[in-house]
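Chemist: Take a look at the following structure, please.
Derivation of every value follows stated rules applied to the coordinates shown; laboratory data play no part. Keep in mind that this is a model prediction, so the values were computed, not measured. Cβ placement follows ideal geometry from the backbone for every residue including glycine, while neighbour counts extend to all protein chains displayed.
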Amino acid sequence: MMVPSPVIIENLSFRYRSRSDFAIRNINLTVDQPQVVLIAGASGCGKTTLARCINGLIPRSYKGELSGKIYLQGQDIAGLPLARISQLVGTVLQDPERQILGSMVMNEVAFGLENLGLSRDEIRRRVDEALERLKIAHLRDRQTHYLSGGEKQKVALAGVLAMKPSILLLDEPLASLDPASAQDALEVIRSLADEGMTVLMVEHRVEDVLRIQPERVLFMKDGEIQYDGDPQHLVERVDYREVKLPAPMIMELAVKDPPPPPLNILPGVNSGGGPLVEFKDVAFGYESGPEVLHGINLQIRRGDVIAVLGPNGAGKTTLVKHAIGLLKPKRGKVLINGKDTHQLSVAEIASTLGYVFQSPSHMLFAPTVYDELAFGPTNLKHPEEQIRKEVSQAIEIVNLQGYEKTPPLSMSFGQQKRVSIAAILAMRSRILVMDEPTAGQDYKNYMNFMNSILEMPGFEAILFITHDLDMAVIYANRVLLVNDGQVVADGAPAEVLSDLERLRQCRLLPTSLLETNLKYYPRTQQFFRAEALTHYLASGE
């Protein structure tokens, strides 16, 4: 008896009701056997739309004009209820905030199994198995509300794995994960495919996924599949400026091109003067839970571009929320411009510090992109003409021209992330604080907007939480390593990132760009992005 192909897509096109152009066009795809299929491409190119068609959310939850056919395990899904489709294909969404419903981790992972009507013993066995497989058994009895973004992502994946679907659809599963957790998740994904599961993975972290040798890569552009083939030939078909490839590969390609222009980081800002923000022996714990931060002492000074690195659940976001006054210390003090945050309102702090949340759904609410961006400057009582200028410049920096009238919540996660960054840029705060700014972003977009942000006059310091070690290598002049609620290292990138053993203790894995920079550091005495390093070495400086 012939086994049906796990996935067949024929002439698939879709246009959202709120948009005039098609999000995807003429997609044809057949996956004949269990394997890992990586789906890559720029933010907004149609990857998530394709995923929503496969898991049935289009046209059931997202309305518009749909044509074409999708067969999963030989079944045409057009007439199937969503509950039946979810048994064929398990989905992990890009933003775990939208997927987690249960208040406790155990209940969240058990939710789908209870809907299948399984026995209590079977549910318990599958929950424990999924948590164990993802190395998060210690979270079993925790409240989901207090989990970090990365921990939530792993819990969402555990809930889907427990259902044992034959097809696994992952939309940016690595976006919130620290490098070691990402590697663990990828190894699980590889083993699932080897055991007979078909895995379709939408992901911007192409270099990471290539390590588990996906059988196939789809590269999408402008709603169409531009490349469908093995990973080895991907480099011949894509622009290294658009897809983040391993550093040696980029250097090989970049040598033929002109060098990138040098960055002018925080122009016009001199270091010196008193600290902008100061933590004095800060300790904090949520409600009756354990202490999350212990004995934090640090200063943010003019001219600082600080990368905050560390494992999921280390306390990075909690620390940063103290800097912007969203949280107040249980012990110790946080001073902003010399004033204790206990005496300042969040609104007063906002003119000094602008904060981009990890999840755009925590920020976005306005009917259009323009309204979203104008909201902060309006509240800060900026003049009307100035607001128009601030909004226009912010839109340009994040490459969203033409989207001014678009509802933010109808956009892709990557585009929403850029809207949330632009909303803070428009406020012109003196210090910019970003939590995972590159989550959901393609390489080209995040390099462009990071370059633009760092060269904007007006910012006196920038602080960003990231799991992307390369962001620290390329942009930071100072790195904070946070682990178990403490700052375990604080110094120049070359000093902090050269201690590979300490990085591993903080669940950070050296990237090919870091390794390449460390190799040439005795000669260069600075860190570069791969393209710039190529030309520096070629110039013989």
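Chemist: 7 Å from Cα along Cα→Cβ at both Val255 and Gln213: what's the point-to-point distance in nm?
Modeler: 2.7 nm
Chemist: Separate question: Using Cα pairs closer than 8 Å and at least 6 residues apart in sequence, work out the relative contact order for segment 7-222, in percent.
Modeler: Relative CO of segment 7-222 lands at 30 percent.
Chemist: Given the -39500 (n - 2.57) contribution per DSSP H run of 4+ residues, what per-residue ellipticity at 222 nm results for the chain, rounded to the nearest 500 deg cm²/dmol?
Modeler: Details: 21 runs with 195 residues, N = 541.
Value at 222 nm, helices only: -10500 deg cm²/dmol.
Chemist: When DSSP beta bridges are limited to those with both residues in segment 7-222, what percentage is antiparallel, rounded to the nearest 5?
Modeler: On the way: 16 of 34 bridges.
Of those bridges, close to 45 percent are antiparallel.
Chemist: Please return the longest stretch of the chain lacking exposed loop sites, where chymotrypsin sites (Phe, Trp or Tyr not before Pro) count only if DSSP places them in a loop and at most 16 other Cβ atoms lie within 10 Å.
Modeler: 1-285
Chemist: What full-extension length gain, to one decimal in nm, is calculated for Arg523 and Arg504 as 0.36 nm per residue of separation minus the Cα-Cα distance? Could you put the intermediate results ahead of the total?
Modeler: On the way: separation 19, 0.36 × 19 = 6.84 nm, distance 2.55 nm.
In short, 4.3 nm is gained.
Chemist: Moving on to the next point. Between Ser191 and Lys389, what is the label-to-label distance in nm when each label sits 7 Å out along the Cα-to-Cβ direction?
Modeler: Each label point is offset 7 Å from its Cα along the Cβ direction, giving 5.9 nm.
Chemist: In whole Å, what are the extents of segment 318-380 along the principal axes defined by its C-alpha atoms, from largest to smallest?
Modeler: For segment 318-380, the Cα extents along the three principal axes come out at 41, 23, 12 Å.
Chemist: Taking 8 Å as the Cα distance limit and 6 or more residues as the minimum spacing, I'd like the relative contact order of segment 367-478 as a percentage.
Modeler: This gives 28 percent for segment 367-478.
Chemist: Can you tell me the mean projection area, over all orientations, of the convex hull of the chain's alpha carbons? Units nm², please.
Modeler: Projected over every direction and averaged, the Cα hull of the chain covers 25.6 nm².
Chemist: Same structure, new question: Rounded to two decimals, what ratio of Rg to Rh does segment 278-416 give with C-alpha atoms and a Kirkwood Rh?
Modeler: 1.01
Chemist: Sticking with this one: For segment 7-222, just the Cα atoms, rotate onto the principal axes and tell me the three extents in Å, largest first.
Modeler: Dimensions of segment 7-222 along the principal axes of its Cα atoms: 46, 38, 33 Å.
Chemist: Kindly list the residues of segment 79-96 that lie in the label zone of Glu122, defined by a backbone N under 15 Å from the point 7 Å along the Cα-to-C-beta vector.
Modeler: 87
Chemist: Moving on. Given the chain, what percent of its DSSP beta bridges are antiparallel, to the nearest 5?
Modeler: Among the beta bridges of the chain, antiparallel pairing accounts for roughly 55 percent.
Chemist: Stretch Leu263-Gln232 to full length: gain in nm at 0.36 nm per residue minus the Cα-Cα span?
Modeler: Contour length minus Cα-Cα distance gives 7.9 nm.
Chemist: Could you work out how much longer the chain between Ser61 and His138 gets when fully extended? Use 0.36 nm per residue separation minus the Cα distance between them, nm to one decimal.
Modeler: Working: separation 77, 0.36 × 77 = 27.72 nm, distance 3.45 nm.
Additional length available on full extension: 24.3 nm.
Chemist: For segment 1-102, just the Cα atoms, rotate onto the principal axes and tell me the three extents in Å, largest first.
Modeler: So the three principal-axis extents are 45, 38, 28 Å.
Chemist: Filter the trypsin sites (Lys or Arg not before Pro) in segment 236-327 to those in DSSP coil with at most 11 other Cβ atoms within 10 Å of their Cβ, and list the result.
Modeler: For trypsin sites (Lys or Arg not before Pro) across segment 236-327 that sit outside H, G, I, E and B with at most 11 neighbouring Cβ atoms in 10 Å, the list reads Lys256.
Chemist: What ³J(HN,Hα) values, in whole Hz, does the Karplus curve 6.51 cos²θ - 1.76 cosθ + 1.60 give for segment 477-484 when θ = phi - 60°, with x put for Gly and Pro?
Modeler: 10, 8, 10, 9, 9, 10, 8, 6
Chemist: While we're here: Could you tell me what percent of the DSSP beta bridges with both partners in segment 429-541 are antiparallel, to the nearest 5?
Modeler: Taking every DSSP beta bridge with both residues in segment 429-541, the antiparallel ones total about 50 percent.
Chemist: If you don't mind, another one. Would you mind calculating the relative contact order of the chain from Cα pairs under 8 angstrom and at least 6 residues apart, reporting the percent as a whole number? Don't skip to the end; give the middle numbers.
Modeler: Values: 1059 pairs, mean separation 85.4, N = 541.
Relative contact order of the chain: 16 percent.
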